[in-house]
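What follows is one structure encoded as structure tokens, with my remarks underneath.
The values are calculated or read from the model by the stated rules, or taken from the named source; none is laboratory data. Note that the structure is a prediction, hence the values are computed from the model and not measured. Every residue, glycine among them, receives a Cβ derived from its backbone with ideal geometry; neighbour counts consider all protein chains shown.
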Amino acid sequence: MATPNPEDLRSSYRAPLRLKVDYERMNSFFADYTKNLSKGGTFIKTERPFAVGTRCHFSFTLPALSEPLLLEGEVARTVAKGAAPGEEAGMGVKFIFRDEVAQKEFADLVERMMEESLGPDAARALLGR
């Protein structure tokens, strides 16, 4: 039986948004960029992915905000350098929200960024509206 493609398991569309992300793990600081972003997670391009299950705080620099957005996340999958032709090394991160209000606020922010990046018609179509 084949392992499902992680792309097929997603519940939210991922917009190809490149955002700077800073994070820390065991007193080491990292600065990388996202490959994409959704209401529930992101893929961070890095040749130093953390192990699946690792929790961390991520600081995103967003054009729509004057201050970085701090989110907690858990590594859901990793891709090693050279693991698959054409696939970039990195880690898929699932966001962890403190409550439903915080999750809704972030979802609204992602929708606005999609509209600004892709245009309102394309964003609505991708979001199923």
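In the stretch 112-127, the qualifying residues are those that are under 15 Å from Arg18 (Cα atoms) and surrounded by 15 or more Cβ atoms within 10 Å (Cβ to Cβ), and the one that is modelled with the lowest pLDDT is Leu118. Filtering the stretch 49-67 to residues that are in a loop (DSSP other than H, G, I, E, B), modelled with pLDDT of 90 or more and among the hydroxyl-bearing types (Ser, Thr, Tyr) leaves only Thr54.
Of all the residues in the stretch 20-63, those that are touching a Ser or Thr at 6+ places or on another chain (Cβ under 7 Å) and aliphatic (A, V, I, L, M) number 3. In the stretch 93-111, the qualifying residues are those that are under 16 Å from the mean Cα position of the chain (by Cα) and of a type in the set (Asp, Glu), and the one that is modelled with the highest pLDDT is Glu105. Scanning the stretch 78-92 for residues that are touching a Lys or Arg at 6+ places or on another chain (Cβ under 9 Å), at negative phi and either at pLDDT below 90 or in a strand (DSSP E or B) (or both) yields Glu88, Met91, Gly92.
Pairing residues of the stretch 31-48 that are outside any strand (DSSP E or B) with residues that are among the polar types (S, T, N, Q), at Cβ distances under 7 Å and at least 6 apart in sequence or on separate chains, gives Ser38/Ser12; Lys39/Ser12; Gly40/Ser11; Gly40/Ser12.
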